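Worksheet: the structure to be examined is printed underneath.
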Amino acid sequence: MKKDKSYKLHRQGNLLILRAAVGGIDGSVVVLRLLLDTGASYTMLPVEAVEAIGCDTHHPLRRAHIITANGVIVAPVVAVPWFHCLGQCLEKFPVVAHTLPPGAFVDGLLGMDFLVHFGVTIDVSRGEVILSHPPN
C-alpha cells in the first residue's frame, strides 16, 4: 500500500492554483497554471498548448458542450499524449481544448475527469491536495 502524498497549491483568495505539464510524442512540453475546479467536469487546456504538442483540434475525438458564465460553448476534445499533474502522469488523457478569455489569471482548469482517478482530499484552509493512492 502506498503512502498518502500531499501537494501544496498556490492560493489566490479562495482559489487554488497548481502547475501541470502536457507533452507530445515529439518531446515537446508545455507547462501550465491550472485552477483546481471541482465544478468542472473536464480538464480544459488552451488550444495553443494542445496544438503546440502536436494535437489536431480540427479532427477531435469528439466535441463537448461546456456551460460557461457566458453561455454554452462547443469545444474539441483531444487526447494529449501525456498529462502530468500532482505527481501523476496519465497517458492519452482527453482534455477540452479551449482558450480562456484574455485577463484570466490561469491557463486552464483541472477538472473532475482527472481527480476521479485518485483518492483525493482537498484541504482548502491549508491550500493542499492529498492523494490517497495512485492510479491502477
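The residue of region 66-97 that is surrounded by the most Cβ atoms within 10 Å (Cβ to Cβ), among those that are over 15 Å from residue 21 (Cα atoms) and not aliphatic (A, V, I, L, M), is 76. In the set (1) surrounded by 13 or more Cβ atoms within 10 Å (Cβ to Cβ); (2) in a helix (DSSP H, G or I); (3) not hydrophobic (A, V, I, L, M, F, W, C), residue 7 fails one condition alone, (2). Of the residues screened, residue 25 is one that is outside any strand (DSSP E or B) and either at pLDDT 95 or above or of a type in the set (A, V, I, L, M, F, W, C) (or both). Pairs meeting the criteria (first residue in region 107-130 and farther than 11 Å from residue 42 by Cβ, second residue of a type in the set (Asp, Glu), beta carbons under 7 Å, at least 6 apart or on different chains) are 130/4; 130/123. For the residues 87, 103, 71, 127, the requirement of being small (Gly, Ala, Ser) and within 17 Å of the chain's Cα centre (by Cα) singles out 87. Just one of the numbered conditions (1) part of a strand (DSSP E or B); (2) farther than 16 Å from residue 39 by Cα; (3) without any contact (Cβ under 8 Å) to a residue 12 or more places away in the chain is not true of residue 102: (1). Scanning region 1-26 for residues that are closer than 26 Å to residue 54 by Cβ and among the basic types (Lys, Arg) returns a single hit, 19. Answer yes if at least one residue in region 64-81 is closer than 22 Å to residue 7 by Cα, touching a helix residue (DSSP H, G or I) at 6+ places or on another chain (Cβ under 7 Å), of a type outside the set (Lys, Arg) and at pLDDT 95 or above, and no otherwise. Within region 64-81 (the criterion being closer than 22 Å to residue 7 by Cα, touching a helix residue (DSSP H, G or I) at 6+ places or on another chain (Cβ under 7 Å), of a type outside the set (Lys, Arg) and at pLDDT 95 or above), the answer is no, since none of the residues qualifies.
Applying the condition of being of a type in the set (Asp, Glu) and over 21 Å from residue 117 (Cα atoms) to region 10-65 and asking which residue is surrounded by the fewest Cβ atoms within 10 Å (Cβ to Cβ) yields 26. Given the options 84, 58, name the one that is touching a residue at least 12 places away in the same chain (Cβ under 8 Å), part of a loop (DSSP other than H, G, I, E, B) and of a type outside the set (Ser, Thr, Tyr). Within the list 84, 58, the selection yields 58.
The values are calculated or read from the model by the stated rules, or taken from the named source; none is laboratory data. All figures in this text were calculated on a predicted structure; none of them were measured in a lab. As a convention, Cβ positions derive from the backbone with ideal geometry for all residues, glycine included, and neighbour counts pool all protein chains shown.
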